[in-house]
Amino acid sequence: MDSFKNLCLFHTLDGLSDGLTHFSGPSRAALIYAIEPADPIRVYDPQHLLQGHEPILKEIYLKSNQWREDVEEKVLEKTLSGYIHAQKNLQLAGLISFGGRSRSVFYQMWFTEHHPDMCSIGPTECWLEHAVWLLSHDFATGDYLYTRTSGNVLREYATHAVRDYIIDQMNIILGWDTQVRIYPILDAILGISKTREEKAWPLGELTFVEPKDTLEMEFLARFPLLEQPNLNKFKHVRKLLQSVENSERKLISDGKTIVGISADTEKTFRITADFRGEYGFLSINDNRVCSFADGSFHSTTRQAKLVEVEEALLESNLAFAAGQELFQIISRIVHTAEREKYGCTLVIDFNDTPIEIAGQKSEQALDLKEERFLKLSESLAKLDGALHIGADLKLHGFACLLDGLAVPGEDRARGARFNSALRFTAIHANLIIVVVSVDRPISVIKEGLELNAQCEWKPVPGCIEPPPTLESTV
């Protein structure tokens, strides 16, 4: 029986990690669990996700028995086999967690990465919740025939996770009595997002509201009942989107048809798909749920958070206020490049006297605290070469050439910007370089190393022996 349970753990965690990686970028997963009330707490963490959190895990699970006493054993015995007693997120820094108790597994708490560029953690929490359900089900059935099924389900769970989160929010805001069906809406959003009109990607907002709410809305144009285009006619809806491009107007749908065009949506519950060309965002009211691109949903905001830049500024000799202002300048230039889809390089120089870099200069350094010079710098970033920004918040050069000797870690697949930045930072101290590529995430480079490089880990090995107890690992 132990070998069966170990196999269930392996397939569930492997499928969860793989599915979340496609949704949010490289994502590890881990599990802390106890099968029976008297069992020691065990930790299944083959990718070392929980490393660094041992002190707080020790406080929660070893120095206290509160986690065992939150639900009485007799309550679990009377619970239907398909019911889960949810456990709260442990609020560990950098992690998302969700747990539950059931008749087949006394306690389980799943963990994964909290990426800094997530629109919302809601779909990921639903994903972890489903892992709780599936592991409990597998342990309850004890059937080897279905051990791979849970992993496969979790691999392809993205659309379902988005749907589950939207349903949860609708139930909180509207109650159970709703006529809007989410799966057809999500299918339509992905279908429309892939449909071009005269070779152009869709732009504009498509808003879904309760059918009864459309009766109270003010429409700029309302289509006759028998002539309302069906939502599943993607080509027709795509053509209609042209009427709301680059405006406050929105196409309004009741989840089945396109009812009309309106700008009056603030007073009603709404699900909005904001099409922005090759990608878009899905929101509940004004709160983003996820993005969509390439025919699938993703958690990313599609905007760099620049966490490593912020940390480098804090570690520098800059005063806190100056560091914050410099961070805003960097963020503004980077996000403009992302939005307008061009590559650029920023050299952030912390030296009291900026180093000499070959490139173009103006007679006087441009003060980037002034809006006109900041806007000019956004345009200058489009030129070949790097912007040279000093600790004095001024632009000291543009179209700068970065040279240096070859260093370990170069990657010919990354292009000249990335590799030149590696070489330049390897021979110049007290600076960082931010590289914005059109088709890749932002790279932050210091001393010849990429600070935000994604760690590549090997596939999760098969779980042959029972995972170790938490006590033996801390």
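Which of the residues belonging to segment 392-441 are in a loop (DSSP other than H, G, I, E, B) and in contact with a Leu (Cβ under 7 Å, 6 or more places away or on another chain)? Give the derivation first.
Taking segment 392-441 as the starting set, the residues that turn out to be in a loop (DSSP other than H, G, I, E, B) are 392-393, 401-411, 428-430, 437-441.
Leu393, Val407, Gly409, Glu410 - these are the residues of segment 392-441 that are in a loop (DSSP other than H, G, I, E, B) and in contact with a Leu (Cβ under 7 Å, 6 or more places away or on another chain).
Only one of the listed residues (Tyr144, Tyr165, Tyr157) is among the aromatic types (Phe, Trp, Tyr) and surrounded by fewer than 16 Cβ atoms within 10 Å (Cβ to Cβ). That residue is Tyr144.
Being more than 17 Å from Val435 (Cβ to Cβ) and of a type outside the set (Phe, Trp, Tyr) is the requirement here; does His335 meet it? Explain how you work it out, then say what you get.
On the way: more than 17 Å from Val435 (Cβ to Cβ): no; of a type outside the set (Phe, Trp, Tyr): yes.
Judged against the criteria, His335 is not a match.
In this entry, Ala273 passes the filter for residues that are farther than 30 Å from Asn430 by Cβ and at pLDDT 95 or above.
Within segment 430-446, being at pLDDT below 90 and surrounded by fewer than 22 Cβ atoms within 10 Å (Cβ to Cβ) holds for Ser437, Val438, Asp439, Arg440, Pro441, Ile442.
With the structure loaded, tell me whether Phe418 is free of Cβ contacts under 8 Å to residues at least 60 places away in the same chain, within 13 Å of Ser362 (Cβ to Cβ) and either crowded, with 19+ Cβ neighbours inside 10 Å or not acidic (Asp, Glu) (or both) or whether it fails that test. Before you say what the answer is, go through the steps one by one.
Working: free of Cβ contacts under 8 Å to residues at least 60 places away in the same chain: yes; within 13 Å of Ser362 (Cβ to Cβ): no; either crowded, with 19+ Cβ neighbours inside 10 Å or not acidic (Asp, Glu) (or both): yes.
Here the answer is no, as Phe418 does not meet what is asked.
Annotation for segment 328-338: at least one member residue is among the charged types (D, E, K, R) and in contact with a Lys or Arg (Cβ under 8 Å, 6 or more places away or on another chain). Given the condition within 29 Å of Gly122 (Cβ to Cβ) and modelled with pLDDT of 95 or more, answer yes or no: does some residue in segment 319-341 qualify? Taking every residue of segment 319-341 in turn, none turns out to be within 29 Å of Gly122 (Cβ to Cβ) and modelled with pLDDT of 95 or more. The single residue among Lys58, Lys63 that is over 18 Å from Leu135 (Cβ atoms) and assigned to a loop (DSSP other than H, G, I, E, B) turns out to be Lys63. Only a single criterion out of (1) touching a residue at least 60 places away in the same chain (Cβ under 8 Å); (2) more than 24 Å from the chain's Cα centre (by Cα) is not satisfied by Glu113, namely (2).
Given the residues Gly415, Gly404, which is the only one that is within 31 Å of the chain's Cα centre (by Cα), at positive phi and among the small types (Gly, Ala, Ser)? Matching residue, one of Gly415, Gly404: Gly415.
Within segment 61-83, can one find any residue that is at pLDDT 90 or above, out of contact with any Ser or Thr (no Cβ under 8 Å at 6 or more places or on another chain) and buried (at least 18 other Cβ atoms within 10 Å of the Cβ)? The answer is yes, given that some residue of segment 61-83 is at pLDDT 90 or above, out of contact with any Ser or Thr (no Cβ under 8 Å at 6 or more places or on another chain) and buried (at least 18 other Cβ atoms within 10 Å of the Cβ). Does segment 122-141 contain at least one residue that is assigned by TED's automatic domain parsing to the domain that holds Leu20, at pLDDT 95 or above, polar (S, T, N, Q) and closer than 21 Å to Tyr33 by Cα? So far as segment 122-141 goes, yes, one or more of its residues are assigned by TED's automatic domain parsing to the domain that holds Leu20, at pLDDT 95 or above, polar (S, T, N, Q) and closer than 21 Å to Tyr33 by Cα. Looking across segment 176-200, the residues that are among the polar types (S, T, N, Q) and either under 16 Å from Arg270 (Cα atoms) or touching a strand residue (DSSP E or B) at 6+ places or on another chain (Cβ under 9 Å) (or both) come down to Thr178, Gln179, Ser193.
Could we say that Glu198 is among the acidic types (Asp, Glu) and touching a residue at least 40 places away in the same chain (Cβ under 8 Å) here?
no
The values are calculated or read from the model by the stated rules, or taken from the named source; none is laboratory data. Predicted model only: the values in this text are computed from it and were never measured. A quick note on method: Cβ atoms are made from the backbone with ideal geometry, for glycine too, and the neighbour counts reach across all protein chains shown.
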